[in-house]
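Novice: One structure, as structure tokens, below. Some questions next.
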Amino acid sequence: MASTIGHTAKVLRTSYQKSVAAYWDSEQAPVNLRLGEVDGLYHHHYGGPESTRDRRVIEELHRLETAQAEVLLDHLGSITAQDQLLDAGSGRGGTSFMAHQRFGCAVDGVTISEHQVGFANSQAGDRGVADQVPVNVVDLTAQTIPYWELRAQSSVATGIEDPFLTAYKEGSFHYLLIAADRT
């Protein structure tokens, strides 16, 4: 596994990597923390306006996030306590904690954000699973390129492959990141 807090210089070498990490390190949308307050599972990063229905909206959004994670976990097949999982793009660790709780196995989380690593590892400590659910700073950008190159040449290509490849290779993923963050 790659770096932990304090070692991001080894992982974040390009200005693109640093800017993506800086975005998540400084992101303060209240919904990101409020959703996790429902039951202590902090999933991902999307924001939205507060309203008079705020509490019910927060609880419903969190329920939907948790249900999405449950669907993913349902499709992992037969996982035992002796297995080890990788939660790539783990963010604040919610899905990692759910996987550990369900299967009893070790789960390594990775995210590009040092802030999220600190938050997730603090949560792991609070839950008493720091040795079973560690989260580390890792940039998986380079590992995604072969996937998109192969997919672009396959029968399941949708047209999004070339923009993703260009963004990854040029370090201009911000536009796609923002678009994904708002949908």
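The values are calculated or read from the model by the stated rules, or taken from the named source; none is laboratory data. This structure is a prediction, so every number in the text was calculated from the model and none was measured. Positions of Cβ are backbone-derived with ideal geometry, glycine not excepted, and every protein chain shown enters the neighbour counts. Ligands, DNA and RNA are stripped out before the accessible areas are found, and what is left, the full protein with its side chains, is counted by its heavy atoms. Shrake-Rupley method; radii C 1.70, N 1.55, O 1.52, S 1.80 Å.
Novice: Report whether or not Leu41 is among the hydrophobic types (A, V, I, L, M, F, W, C), in a helix (DSSP H, G or I) and at pLDDT 65 or above. Write out each step before concluding.
Specialist: Values: among the hydrophobic types (A, V, I, L, M, F, W, C): yes; in a helix (DSSP H, G or I): no; at pLDDT 65 or above: yes.
Spelling it out, it is not the case that Leu41 is among the hydrophobic types (A, V, I, L, M, F, W, C), in a helix (DSSP H, G or I) and at pLDDT 65 or above.
Novice: Here is a list: Val107, Val71. Which entry is among the β-branched types (Val, Ile, Thr), surrounded by 18 or more Cβ atoms within 10 Å (Cβ to Cβ) and either more than 30 Å from Lys10 (Cα to Cα) or modelled with pLDDT of 95 or more (or both)? Break it down stepwise before answering.
Specialist: Numbers: Val71 fails: surrounded by 18 or more Cβ atoms within 10 Å (Cβ to Cβ).
None of the other options fit; the residue is Val107.
Novice: I need a count of the residues in the stretch 1-28 that are assigned to a loop (DSSP other than H, G, I, E, B), at pLDDT 70 or above and open to solvent by less than 30 Å² (accessible area, probe 1.4 Å).
Specialist: 2
Novice: Looking at (1) in a helix (DSSP H, G or I); (2) modelled with pLDDT under 95, which one does Glu50 not meet, given that it meets all the others?
Specialist: (1)
Novice: Take the stretch 110-119 and flag every residue that is hydrophobic (A, V, I, L, M, F, W, C) and open to solvent by 20 Å² or more (accessible area, probe 1.4 Å). Steps first, answer last, please.
Specialist: As a first pass, look at the stretch 110-119 and keep what is hydrophobic (A, V, I, L, M, F, W, C): 110, 112, 117, 119.
Correct list: Ile112, Phe119.
Novice: OK, next. For the stretch 138-183: of the residues being of a type in the set (Val, Ile, Thr) and open to solvent by less than 50 Å² (accessible area, probe 1.4 Å), which is modelled with the highest pLDDT? Walk me through how you get there before you give the answer.
Specialist: Within the stretch 138-183, the first condition is being of a type in the set (Val, Ile, Thr), and the residues that meet it are 138, 141, 144-145, 156, 158, 160, 166, 178, 183.
Restricting the remaining residues to those that are open to solvent by less than 50 Å² (accessible area, probe 1.4 Å) gives 138, 141, 144-145.
Working: Val138: 88, Thr141: 76, Thr144: 78, Ile145: 83.
The qualifying residue modelled with the highest pLDDT is Val138.
Novice: Looking at (1) at pLDDT 75 or above; (2) open to solvent by 30 Å² or more (accessible area, probe 1.4 Å), find the lone condition where Gly91 falls short.
Specialist: (2)
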